[in-house]
Structure formats: structure tokens, C-alpha cells
Amino acid sequence: MAEGSVGILDIFGPVMIGPSSSHTAGVARIAFLARKLFPYPVEKARVTFYGSLARTYRGHGSDKAAVAGLLGILPDDERLSYSLELARKEGLPVEIVPEYEGPERYHPNTAVVELWGGGKYSRVRGASIGGGKIRLQSVNGFEADLDGSLEAILVLHHDEVGVIAIVSHILAASRFNIASVVSHRKDKGDEALLVVEVDGAVPASIVAQLRDLPPVREVVYVPSLRS
Amino acid sequence: MNWKFSTADELLARVSESGLGFADYLVARDAFYSGRTVDEVRAEVAHRIRVSRAALDRGTAEPQVSFSGMTRGGAVLLGASTGWPVDDEFFRMALTYALAINEVNACGGRIIAFPTAGSCGIVPGVLWAWRDARASDLGPESIAFQDAFIMASAVGILIAARATLAGAAGGCQAECGAAGAMAAAGLATLLGADAATALDAAALSLKNSLGLACDPVAGLVEVPCTKRNAFLAANAITAVSLSRAGIRSVIPFDEVVGAMKSIGDAMPASVRESAEGGLAKTATGMSFWEKIR
């Protein structure tokens with residue numbers, strides 16, 4: 001939601017399971033996106049709460065919210081309130097860890113979601129910034145800044161000339177309007193993460209086309225929370 | 001069409017330029033930014049009004065008891081009370097409904113944040129009470145009822161644009177205080193006020209909640225939040241009562257929002273949702289930390 005474009009449905013909403021937009025709805029959204037980012041079956045999950053979330057997660061049901069998100073349940077779904085039982089039935093073990101003091105740079109309402117499955121591991125750090133709005137700030141060691149308002153494609157690639165141009169070209173050829181492109185890299189010539197936000201849902205065929213590019217190691221598609 | 005505004009004066013000017021009615025301009029603006037049609041935006045407004053009703057019905061029918069034990073079916077008690085000093089059906093319903101919806105929130109039920117979860121009972125509590133007590137022909141599908149919720153939302157948009165709707169940034173004046181102003185504007189609209197008059201009613205309500213602390217016990221959205229929903233419903237009704245008598249706010253709405261921003265900036269962090277001051281630091285308040293571990 002861009003500055004100055006707050007509308008009636010931003011104020012009159014979201015529909016959510018209480019009690020706290022930041023401690024319940026926002027946490028569910030972080031976990032939901034973390035799950036969407038991981039294209040494997042999940043065998044085990046760990047959610048670490050920092051700051052205010054660590055101190056108040058039981059009273060706010062943040063644990064239920066996190067588990068709900070991992071099960072693909074969004075903040076407006078009544079199943080959120082009994083997500084712990086659903087996870088048990090589905091055989092998904094989720095460990096909840098409160099960390100009262102987080103690193104200085106962490107937002108006061110931070111959740112870290114770690115997932116294991118199919119021999120893979122993923123770690124996503126999200127901040128719940130108020131009113132149910134969130135930001136994913138770190139994805140598998142890469143700094144990111146995703147708010148779930150747009151469809152996003154995360155392209156993990158070897159850092160070399162021309163990757164941004166090729167990815168943009170493929171999207172433009174299929175008439176996707178690119179809202180933003182941000183490139184993060186660990187070191188020059190090392191791995192880099194390209195985060196592309198687009199208007200409109202991206203079909204699997206395009207994601208596959210990107211994945212086939214020689215410098216590309218992994219492509220993760222994150223649908224928007226609105227879709 | 002120009003969709004940009006940050007003050008009430010600008011909004012009223014944009015509406016006037018658009019040739020649309022006040023609510024229709026805002027619906028068209030939401031449609032423009034979200035890529036939906038105006039009919040889809042209206043349908044979503046109706047859906048959200050229905051969600052607020054479901055929460056209200058739940059909170060008035062079943063005693064809501066929370067994990068912390070601080071919420072214990074207050075709305076059911078209030079609805080059954082025979083001890084009302086002000087025995088008016090609308091007033092009784094407004095207080096009961098506002099409390100009921102927010103108790104459902106405190107207990108992890110399904111609600112619609114308006115503008116936040118901790119203040120979600122105030123606007124629907126007041127508007128549904130008016131409908132139930134005085135205007136049974138209204139409902140989620142009626143344009144007049146939707147327009148009242150949209151007017152309330154407009155007040156929220158204006159406060160978000162120049163101040164804040166987050167207790168962590170501006171204290172409770174930004175949550176329940178804002179919702180009280182929104183409810184005043186919505187109720188004034190239901191009673192036939194034009195947009196400028198409804199915004200003035202919002203100013204009257206907002207002035208009376210400037211400086212409200214956000215000092216939640218054990219950091220939970222519960223004490224003082226749930227009962228404050230009933231109090232701010234009364235605040236909104238008082239504002240509309242004054243407004244209907246022709247009493248206007250000496251300080252215009254936009255300047256009240258500016259004052260709210262400056263007061264929020266001056267508030268210490270201990271009373272901005274940190275649970276490190278005020279009621280949260282009382283002996284009884286502190287005892288709840290242990291109970292929720």
C-alpha cells in the first residue's frame with residue numbers, strides 16, 4: 001500500500017481472528033509467506049518470537065497464528081483458533097521458542113520461521129509492523145523487503161552480468177508490469193538474490209522459464225496476500 | 001480524477017470536483033487503487049459489515065472468557081442489566097454492542113479491525129445499535145448503511161494521513177480515540193448530516209480523547225481496551241448529540257488531527273503500547289504477567 005493511497009478497505013479491515021492485528025494477524029501472514037517460499041513438504045518447523053511477541057505470544061495466540069500460517073490458513077479464517085490441533089492431526093511438529101532479547105537490528109515484533117523438509121532448510125525473518133501489515137526482512141540469509149501486497153519472484157542466481165536484463169525481458173515479453181526490482185548480493189561474483197515485484201499472478205510456465213536460465217540456481221514465487 | 005488528499009478540506013474539494021457523492025467518490029478511489037470495480041468494493045464493504053454483525057451476535061449471546069481471565073462475559077451482563085441510569089434502547093445497545101464485539105476480539109474470535117483490532121467494537125457497535133433501535137430497514141446491502149461505514153472510514157484515512165492509527169506510535173487516542181471520531185462521523189451520516197458536518201462531529205469526539213494512554217495490562221489487547229470500546233461509543237454519541245444541536249467544534253477537524261499528532265509525538269514510550277507504564281505497571285496489572293506465561 002503506497003503512501004497516500006490508504007483506502008476505505010484498509011481502514012475497515014482486515015477481517016481477522018483476534019486479538020491483535022500485529023501479534024495475531026501479522027504473525028499468521030509471516031508464517032503463511034514463509035511456507036509459500038518453501039516449495040517442499042515440511043517435516044518440521046520452528047518459530048522463534050522476539051521482543052513483545054516473545055513476552056505476550058500466549059495471550060495473543062501468536063503461536064496459534066504462526067502454526068495456522070504454516071498450514072496455509074490466513075488471518076481471517078476461524079480455523080486459526082484451533083490450528084495447534086490441526087497441526088497435530090497433520091503430523092506437523094512445530095516448536096515455538098520465545099527469545100526475550102533479540103539482536104538490536106530486529107524490529108520489536110519479529111518472528112523467525114525455520115522449515116525443514118525434503119533435505120532442505122529455509123529461514124525467513126519477518127516483522128509485524130502494525131495493523132496486520134508485515135515485512136519479510138530476510139530470506140535464507142538474504143536481506144529482503146517484501147510486504148505481501150504484490151506478487152513477488154525471488155531469483156537466487158550466480159552474480160554475473162545481465163541477469164536482471166534477462167529476467168526483465170522474460171517478464172516484459174509476457175506483458176507483466178514490474179513494480180519494483182531489488183538486487184541483493186552477498187559478495188561480488190558470489191550468490192545474489194533478485195527480488196522482482198509484479199502486478200498480477202505469474203503462471204508456473206514463466207517461473208519454469210526463469211529457473212532454466214543458466215546463472216539461476218533457484219526461483220521462488222511468492223503470491224501476494226491479496227490473491 | 002484526482003485521488004490525492006491528506007486533509008479534510010482537500011478531501012471535500014476532491015469530492016466536489018469529482019461530481020460524485022462523498023461515499024461514491026471514496027468507493028471509486030478504492031476501486032482505482034485496488035483494481036476492483038466499484039460494485040466489487042461495495043460488495044466487500046457489505047461483506048465486512050456482515051462480519052461485524054456476526055461478532056456482535058456472538059459477543060452478546062455467549063459470555064466471552066479470555067485466556068488471561070481478564071475478560072468474563074461483560075457484554076452479556078450489560079445486555080441483561082436492569083440497572084441502567086440512562087434507559088434508552090439505542091444507548092444501551094451501543095454500549096453493549098461495542099463491548100461485545102471487542103470481547104470477541106479479546107477472546108480470539110473473528111472480527112474486523114476498524115481501524116484496529118483493539119478498537120474494533122466502537123464504530124459497528126454504534127451504527128448497528130442505531131439500526132436495531134431506530135432504523136430496522138437498514139442492513140449490509142443498504143447504501144445508506146454502507147455510506148455511514150464509509151464516512152467512518154474516511155475519518156480513519158484522514159487521521160492515518162496526518163497522524164497515526166497505531167497505539168505504539170500515538171497512544172490509545174490513535175486507536176479507540178480515532179474509532180470514536182469515526183463512529184461520530186458515521187452516526188452523524190446515518191442521521192442525515194452532510195460530510196462537512198459529520199467531520200465536525202468527528203472533531204468534537206476526537207478532541208475529547210486526545211492524550212489517551214495505551215498501557216495494556218500484560219501487553220494484551222484487553223485491559224483497558226475492551227471496556228474502552230463502550231466508553232468511546234458513548235463519546236461518539238455525545239459528539240453527535242452536540243452536533244445535532246448545531247454546536248460546532250471551535251478547532252476544525254484538520255487542526256484537531258494535527259494536535260493529536262503533536263500530542264502522540266510528545267507521549268513517553270511507556271504509554272505507547274509497550275506495557276511499561278500506566279495500568280500495566282500497577283500491582284494488579286503486573287500480576288497478570290505470571291498468569292499468561
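Quickly rank B:111-123, B:45-57 as a protection proxy: mean count of other C-beta atoms within 10 Å, highest first. Could you put the intermediate results ahead of the total?
On the way: B:111-123: 31.1, B:45-57: 20.2.
Top to bottom by mean Cβ count within 10 Å: B:111-123, B:45-57.
In degrees from 0 to 90, rounded to the nearest 10, what is the angle of the helix B:122-134 Cα long axis to the longest principal axis of chain B?
70 degrees
Using just the helices of chain A, give the 222 nm mean residue ellipticity in deg cm²/dmol: DSSP H runs with n ≥ 4 each add -39,500 (n - 2.57), and the total is spread over all residues, rounded to 500.
On the way: 7 runs with 60 residues, N = 227.
Only helices count here, giving -7500 deg cm²/dmol.
First select every other residue whose beta carbon is under 11 angstrom from the beta carbon of A:Y106; then total the charges, Lys and Arg +1, Asp and Glu -1.
-1
Within 12 Å, Cβ to Cβ, of A:E85, how many net charges do the neighbouring residues add up to if Lys/Arg are +1 and Asp/Glu are -1? Kindly include the intermediate steps, with their values, before the conclusion.
On the way: positive: A:K64, A:R79, A:R88, A:K89; negative: A:E90.
Computed value for this residue: +3.
Order of A:214-224, B:17-27 by packing, highest average Cβ count within 10 Å first?
On the way: A:214-224: 16.8, B:17-27: 18.9.
Listed from highest to lowest mean packing, they are B:17-27, A:214-224.
So which GluC sites (Glu not before Pro) in region B:215-293 end up in coil per DSSP with only 11 or fewer other C-beta atoms within 10 Å?
Nothing satisfies the criteria.
Within 10 Å of each Cβ in peptide B:34-44, how many partner chain Cβ atoms are there on average? Round it to a whole number, please.
2
Placing one identical point scatterer on every Cα of region A:1-157 and ignoring solvent, what is log10 I(q)/I(0) from the Debye formula at q = 0.10, 0.19 Å⁻¹?
Summing over Cα pairs of region A:1-157 leads to -0.32, -1.19.
According to the square roots a ≥ b ≥ c of the eigenvalues of the Cα gyration tensor, what is the shape class of region A:185-227, taking rounded for a/c under 1.5, prolate for a/b larger than b/c otherwise, and oblate for the remainder?
Cα axes put region A:185-227 in the oblate bin.
May I ask you to order A:172-185, A:77-90, B:127-140 by the average number of other C-beta atoms within 10 Å around their residues, highest value first?
So the peptides A:172-185, A:77-90, B:127-140, ranked by packing, come out B:127-140, A:77-90, A:172-185.
How far is helix B:8-18 tilted, in degrees, relative to the longest principal axis of the Cα atoms in chain B, given as a value from 0 to 90 rounded to the nearest 10?
The two axes meet at around 40 degrees.
Would you tally the net charge around A:R35, using a Cβ to Cβ cut-off of less than 12 Å, leaving A:R35 out, and scoring K and R as +1, D and E as -1? Kindly include the intermediate steps, with their values, before the conclusion.
Working: positive: A:R29, A:K36; negative: A:E114.
So the environment of A:R35 carries a net charge of +1.
Is the C-alpha gyration tensor of region A:13-81 telling us rounded, prolate or oblate? Criteria: a/c under 1.5 is rounded; beyond that, a/b larger than b/c is prolate, otherwise oblate.
Since a/c reaches 1.5 but b/c is at least a/b, the shape of region A:13-81 is classed as oblate.
According to the Kirkwood expression over distinct Cα-Cα pairs, how big is the hydrodynamic radius of region B:207-293, in Å?
Details: mean 1/r = 0.0675 Å⁻¹.
Roughly 14.8 Å, rounded to one decimal.
Distance between the C-alpha centers of region B:138-182 and region B:12-47? Whole Å please.
Cα centroid of region B:138-182 versus Cα centroid of region B:12-47: 16 Å apart.
Go through the protein assembly as shown and flag any cysteine with no other cysteine's C-beta closer than 4.7 Å, please.
For the protein assembly as shown, the answer is B:C107, B:C120, B:C176, B:C225, because their Cβ atoms have no other cysteine Cβ under 4.7 Å.
Per-residue ellipticity at 222 nm for chain B, helices alone: DSSP H runs ≥ 4 residues times -39500 (n - 2.57), over residue total, nearest 500 deg cm²/dmol?
Computed mean residue ellipticity for chain B: -20000 deg cm²/dmol.
Using the Cα gyration tensor of region B:108-253, with a ≥ b ≥ c the square roots of its eigenvalues, what is the shape: rounded (a/c below 1.5), prolate (a/b larger than b/c) or oblate (neither)? List each step's numbers first, then the result.
Values: a/c = 1.80, a/b = 1.27, b/c = 1.42.
Oblate is the answer for region B:108-253, as a/c is 1.5 or above yet b/c matches or exceeds a/b.
Each value in this text was obtained by applying a stated rule to the coordinates, not by laboratory testing. A quick note: this is a predicted structure, and the numbers were derived from the prediction, not measured. Backbone-built Cβ (ideal geometry, glycine too); neighbour counts: all protein chains shown.
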